[in-house]
Amino acid sequence: MKVHRIVLAFSAVALSLSASLAFAQFQNAEKAIEYRQSVMTIINTHFGRIGAVVKGAAPYNKDDVSKNAEIVAMMSTLPWQAFGPGTEGGKAKPEVWSDNTKFKAAADKMQLAVVDLNKAAQSGDLESIKKAFGAAGSTCKGCHDDFKKK
């Protein structure tokens, strides 16, 4: 378990550094769109794995849920830099840029909710995980409703 945390920490640092370098490449809107959609795909995959447990479609395994929650929490910090000026397009509605204050507030709310999900997952209490998963899912849905094209 200790090795897993070390690997995860190094991965987070590497992703942060690559994200910083990637920001310089967002002069091209297509690269920014590709980056943010890729990050969201990873978040969705790992969030979905937790969701399967919460819904009873997969057996509860504390270690698996914990690992998936850690990944979701870490990845939740990454896509927002790829929504800067000049990166319009993709599945994002124009409101991302025209009402950026609301968008940033929604992003912050989601990040806090997935931090809570991660804390619940680390505790191992399935009822807390279910509650935190619902809250996190609600923040995702709210942002998608307001800022993602159908």
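The values are calculated or read from the model by the stated rules, or taken from the named source; none is laboratory data. On a predicted model such as this, the values are computed, not experimentally measured, just so you know. Note that each Cβ is placed from the backbone with ideal geometry, even for glycine, and that neighbours are counted across all protein chains shown.
A few points about this structure:
- Of all the criteria given as (1) more than 14 Å from the chain's Cα centre (by Cα); (2) modelled with pLDDT under 95; (3) assigned to a helix (DSSP H, G or I), the one not satisfied by ILE33 is (2).
- Beta carbons closer than 7 Å, at least 6 apart along the sequence or on distinct chains, pair a first residue in the range 102-118 that is farther than 14 Å from ALA135 by Cα and in contact (Cβ under 8 Å) with a residue 40 or more places away in the chain with a second that is hydrophobic (A, V, I, L, M, F, W, C) and surrounded by 14 or more Cβ atoms within 10 Å (Cβ to Cβ) for PHE103/VAL96; PHE103/PHE147.
- Residues of the range 43-71 that are among the aliphatic types (A, V, I, L, M) and assigned to a helix (DSSP H, G or I): ILE43, ILE50, ALA52, VAL53, VAL54, VAL65, ALA69, ILE71.
- Of the residues making up the range 123-133, not a single one is out of contact with any Ser or Thr (no Cβ under 8 Å at 6 or more places or on another chain), within 21 Å of PHE26 (Cβ to Cβ), modelled with pLDDT of 95 or more and outside any loop (DSSP other than H, G, I, E, B).
- Of the residues making up the range 72-88, those that are surrounded by fewer than 21 Cβ atoms within 10 Å (Cβ to Cβ) and assigned to a helix (DSSP H, G or I) are MET74, PRO79, TRP80, GLN81.
- Residue match in the range 4-23 (condition: surrounded by 14 or more Cβ atoms within 10 Å (Cβ to Cβ), touching a helix residue (DSSP H, G or I) at 6+ places or on another chain (Cβ under 8 Å) and at pLDDT 60 or above): no
- Candidates are the residues of the range 89-145 that are aromatic (Phe, Trp, Tyr) and under 17 Å from the mean Cα position of the chain (by Cα); the one that is surrounded by the fewest Cβ atoms within 10 Å (Cβ to Cβ) is PHE103.
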